[in-house]
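As structure tokens, the structure follows; a few thoughts come after it.
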């Protein structure tokens, strides 16, 4: 039986978090634009929610989430390669 090291557990957790963050722009777009009433409710709220109606802010959020997700995946894979 393989012994689980704490660094392997941390690396796998970072990998999973990176994968979830890469998919999150799709869910964010659905959350904002899925229902017109929810859209009106969101953009009438305080900052940063009132900025969700603007295209540049949504683009910034989507690209930022993708970059963070890819960065986490790269860190996880580099850690796994360094371990072995």
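Okay, here's what the table says:
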item: Residue in region 38-51 that is within 15 Å of the chain's Cα centre (by Cα) and without any contact (Cβ under 8 Å) to a residue 12 or more places away in the chain present; result: no
item: Output for region 56-77, where each listed residue is at pLDDT below 95 and loosely packed, with under 13 Cβ neighbours inside 10 Å; result: 56, 59, 60
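The values are calculated or read from the model by the stated rules, or taken from the named source; none is laboratory data. Note that the coordinates shown come from a computational prediction; the quantities given were computed from them, not determined experimentally. A quick note on method: Cβ atoms are made from the backbone with ideal geometry, for glycine too, and the neighbour counts reach across all protein chains shown.
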